[in-house]
Amino acid sequence: MRVYVPLTLPGLAEVHKAGELGPAPLRAYAVTPGLREWYVSDDIEELEYAALNRAAAASLRLLAADAAAPRRRVVVALDVDVDDKAATATPGVDEATLGQVSLAAAVRLTVAAAVHVDADDADEDVAAAAQALAAADGGDADAQFIVDGAEDHELLWFGVQEIPGLLK
């Protein structure tokens, strides 16, 4: 199962130092039945991309809560062999919880498949989106447009061995 864990760069530094993502329960995103129904696709690559984007949106929320964090969304992609008890989908199918799962145990960083991080040119849009998030949540259409602007930036792919370079 491919699972996407939202972080910030300081969170990634902590994970790198500890060698694991945790503590449990760990919020992540994956291809869940609710996400399949919402996205209406059988293409697993499209569905995984949708789950990655859900995790990127959650990373933006983490940035909005941490003004000191560099304005880059971070998502760690894990290939984990988990059973139904170890990863449970968040109940409900509202947009806020689509694709959300809870991992019942910490996960070693060695099972990470990749790290996805915004490029330098996304900083300004991601910063504006983090600042506009509360207003967008309140129904402000202009603020939602700003938040959507961050989603226009594709996250870059990095191997796990490249984490030290991302933290400089």
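Of everything in region 143-162 that is outside any helix (DSSP H, G or I) and of a type in the set (Asp, Glu), the residue that is modelled with the lowest pLDDT is 152. Step by step: first the residues of region 3-61, then only those that are β-branched (Val, Ile, Thr) and crowded, with 19+ Cβ neighbours inside 10 Å, then the one that is nearest to residue 150 (Cα to Cα). Which residue is that? Checking each candidate, the answer is 8.
Just to be sure I understand, how many residues within region 1-36 are under 14 Å from the mean Cα position of the chain (by Cα) and charged (D, E, K, R)? Residues flagged as under 14 Å from the mean Cα position of the chain (by Cα) and charged (D, E, K, R) within region 1-36 amount to 2.
Taking the conditions (1) of a type in the set (S, T, N, Q); (2) crowded, with 17+ Cβ neighbours inside 10 Å; (3) at pLDDT below 95; (4) closer than 24 Å to residue 168 by Cα in turn, residue 110 satisfies each one other than (2).
Matching residues to (1) touching a Ser or Thr at 6+ places or on another chain (Cβ under 9 Å); (2) in contact (Cβ under 8 Å) with a residue 60 or more places away in the chain; (3) of a type in the set (D, E, K, R); (4) closer than 15 Å to residue 114 by Cβ:
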{"residue": "16", "(1), (2), (3), (4)": "no, yes, no, yes"}
{"residue": "21", "(1), (2), (3), (4)": "no, yes, no, yes"}
{"residue": "25", "(1), (2), (3), (4)": "yes, yes, no, no"}
{"residue": "32", "(1), (2), (3), (4)": "yes, yes, no, no"}
{"residue": "41", "(1), (2), (3), (4)": "no, no, no, no"}
{"residue": "45", "(1), (2), (3), (4)": "no, no, yes, yes"}
{"residue": "52", "(1), (2), (3), (4)": "no, yes, no, yes"}
{"residue": "58", "(1), (2), (3), (4)": "no, no, no, no"}
{"residue": "63", "(1), (2), (3), (4)": "yes, yes, no, no"}
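Looking at the structure I just gave you, is residue 103 crowded, with 17+ Cβ neighbours inside 10 Å, more than 17 Å from residue 25 (Cα to Cα), modelled with pLDDT of 80 or more and not polar (S, T, N, Q)? Taking the combined requirement at face value, the residue does not satisfy it.
With 12, 62, 78, 52 as the choices, which residue is more than 27 Å from residue 132 (Cβ to Cβ) and not small (Gly, Ala, Ser)? After ruling out the rest, the residue left standing is 78. Residue 18 meets all of the listed conditions (1) under 24 Å from residue 130 (Cα atoms); (2) modelled with pLDDT of 95 or more but one, namely (1). Mind listing whichever residues of region 101-113 are touching a helix residue (DSSP H, G or I) at 6+ places or on another chain (Cβ under 7 Å) and in a strand (DSSP E or B)? Selection gives 112 alone. Based on this model, can you work out whether residue 119 counts as surrounded by 15 or more Cβ atoms within 10 Å (Cβ to Cβ) and either in contact with a strand residue (DSSP E or B) (Cβ under 6 Å, 6 or more places away or on another chain) or at pLDDT 95 or above (or both)? So residue 119 does not fit the description; no. A count restricted to region 104-160 and to residues that are touching a Gly at 6+ places or on another chain (Cβ under 8 Å) and in contact (Cβ under 8 Å) with a residue 60 or more places away in the chain stands at 8.
Given the criteria in contact with a Pro (Cβ under 9 Å, 6 or more places away or on another chain) and of a type in the set (D, E, K, R), does residue 27 qualify? Taking the combined requirement at face value, the residue satisfies it.
The values are calculated or read from the model by the stated rules, or taken from the named source; none is laboratory data. These numbers were taken from a predicted model, which means no experiment stands behind them. A quick note on method: Cβ atoms are made from the backbone with ideal geometry, for glycine too, and the neighbour counts reach across all protein chains shown.
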